[in-house]
Structures are given as structure tokens and as C-alpha cells.
Amino acid sequence: MTIADKPVTVLTYGTFDLFHIGHLRLIQRLRALGDRLVVGISTDEFNARKGKQSIIPYADRAAIVAAIRGVDEVFPEHDWSQKADDIQRFGADIFAMGDDWAGKFDDLAQYCSVVYLERTAGISSTKIKGQLIPRSDKPVA
Ligand code: C2G
């Protein structure tokens, strides 16, 4: 699949904490959009600024995603504002996210195609955490 004989590069970002089937399905769908998939992994510091406390440290989250068939490269996501530069740096033809982000990154359409793919229902890192770590305000059975 090429655009004027250039392999199509897809770019996405995420925390990918407690890697689960929703992450995997999205990565598979993203890879099917092109020939190369590059993934920005939120650093622990950026996650804190996103108001998210990841359980798995950045280095391990990045290693897990990098090992997935179809992922060609991973790199650190330090800030909301680096996407335009990353699109240029990686020569991304498509920027894509799950549709819980629908509309949030439309401004990037000046640099490349912007696509939102259907999110996998019923699973999230937050939900898994809630099942593993009893909330302090819940009475212990
Ligand atoms: N996702 C999905 N289905 C789920 C859960 C997540 O398709 N059940 C998708 C999200 O839509 C996102 C990607 O998987 O595109 C990664 O999700 P998170 O790890 O929760 O990342 P997020 O906190 O959304 O960070 O700058 C963008 C941010 O870094 C995105």
C-alpha cells in the first residue's frame, strides 16, 4: 500500500498501561491502515500531568508495545504539543486514535489524515485497576 510509492506511515499515542485486548485490537486496526506503525508512549511524568497514575513504568510499557507484531517503532510522548513535530519527524500519512478522542485532534488534519477508530467496549486500564485495587471509600467485605 503506498501513496506515490511511499510506504504509508500511521502514527498514534497512548499510555498502554496494563496492556489489554482493547489496546491490541486498536494496534491491529491501526496497522491495517498502512505499511508502518509508530507509537508514542506517554512517559510517567506526562501521565501524571494527564492525571493518570500508570501502574507499569514507561520503559516496560514501551517494551511491551514495541514487541507487538505490526508495531515498527515506539518513542516517548512527553507533552500534548509534540504531535505536529512528530508527524513531520516520522513522515506520518495518518494520525489515528480510538474514538474516545473523536474530534480532539482535528487540528492535525493540516499535516496528515486524522482518523478515529472504534474503541473496544467494556475494557480499560482504569477498569482493570478498579478491579485489582479496592477503592479506599468502599467498605472491605
Ligand atoms: N483504546 C481502545 N479501546 C479501549 C481502550 C483504549 O481502542 N478499550 C484506545 C484509546 O482510544 C487510545 C489507545 O487505545 O487510542 C491508548 O489508550 P490509553 O492507553 O488509555 O491512552 P490515552 O490515555 O488515551 O492517551 O496524546 C494522546 C494520549 O497519549 C492518549
Given the criteria within 11 Å of the ligand (Cβ to nearest atom), in contact with a His (Cβ under 6 Å, 6 or more places away or on another chain), without any contact (Cβ under 8 Å) to a residue 60 or more places away in the chain and under 27 Å from residue 129 (Cβ atoms), does residue 19 qualify? no
Which of the residues that make up region 27-41 are crowded, with 21+ Cβ neighbours inside 10 Å and under 15 Å from residue 119 (Cβ atoms)? 27, 30
Expected output for region 102-126 (first residue in contact (Cβ under 8 Å) with a residue 40 or more places away in the chain, partner within 8 Å of the ligand (Cβ to nearest atom) and polar (S, T, N, Q), Cβ below 9 Å, 6+ apart or cross-chain) is 125/15
Looking at 94, 27, 87, 123 in this structure, which one is near the ligand (Cβ under 9 Å from one of its atoms) and either of a type in the set (Phe, Trp, Tyr) or within 30 Å of residue 5 (Cα to Cα) (or both)? 27
Go through region 42-84 and give me each residue that's crowded, with 17+ Cβ neighbours inside 10 Å, out of contact with any Pro (no Cβ under 6 Å at 6 or more places or on another chain) and not in a helix (DSSP H, G or I). 42, 54, 56, 68, 71, 74, 75, 77
When restricted to 128, 123, 87, the only residue in a loop (DSSP other than H, G, I, E, B), aliphatic (A, V, I, L, M) and closer than 23 Å to residue 29 by Cβ is 123
Within region 59-99, of all residues that are touching a residue at least 60 places away in the same chain (Cβ under 8 Å) and of a type in the set (D, E, K, R), the one farthest from residue 14 (Cα to Cα) is 93
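Each reported figure results from applying straightforward, stated rules to the coordinates on display, with no laboratory input. These numbers were taken from a predicted model, which means no experiment stands behind them. Methodologically, a virtual Cβ is constructed for each residue, glycine included, from the backbone with ideal geometry; neighbour enumeration extends over all protein chains shown.
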